Structures are given as structure tokens and as C-alpha cells.
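Chemist: The structure under discussion is supplied below as C-alpha cells; questions concerning it will follow.
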Amino acid sequence: MDENNKEDTNGENTIQELRKSLFDLMKQLKSKNISSDEAKAMTNIAQAIINSAKVEVDFIKAVGGIATGTGFIPLEAKNPNRKALGEKKDE
């Protein structure tokens, strides 16, 4: 993906931030700081974001890897013995 299309990921719009937001939402719901209708609306939005991330992963797999992703899902391999997401396997 070229640099012009890459989303701003300086701490926002990542899977980690989505998880944090959903856990915060759960706490607000438990403490009754948010209505169940508001929570449902927010979880519907989160599900749409997750579905778009699944499409991104499927695309990376289908094209055999890409140099960069959108930044929503980190592409770096944490384990040095494993390939990064989207990195082609040795043949």
C-alpha cells in the first residue's frame, strides 16, 4: 500500500485500541454510565471494523503478502522464528 493511502496509526485505529475501547465500554455498561442501546450501537460499529480487518487479512493472504498494511493489524513478527503476517514462505 502506498504511503498516501496508509492510515494514521499513531496510537489510534489499531486492533489494540479497539480492544481497549470495547473493554472500556463493558466497564461503562456495568457501571450503568451508558445505555444498552448505546453499547449495542458501539459494538455494531466494532463488528464492522473487525469484519473489514478480516477482509484485509484475506487480501494479504490472497496476494501472497504486501510490503505494508494499513496499520490496524501489526505486521511485525514477534517471534524471530516466524514470518510476519503477509511475508511469503520460503520455497
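Bear in mind these aren't lab numbers, they're just calculated from the coordinates by the rules spelled out. Computed from a prediction, not measured in an experiment: that's the story for all the values here. Note: ideal-geometry Cβ built from the backbone for every residue, glycine included; neighbour counts use all protein chains shown.
Chemist: Among residues other than Met26 whose Cβ falls under 14 Å from its Cβ, what is the net charge (Lys/Arg +1, Asp/Glu -1)?
Modeler: Neighbourhood net charge equals +4.
Chemist: Separate question: Could you give the length gained by full extension between Ala62 and Glu38, i.e. 0.36 nm per residue of separation minus their alpha carbon distance, to one decimal place?
Modeler: Full-extension gain reported as 5.0 nm.
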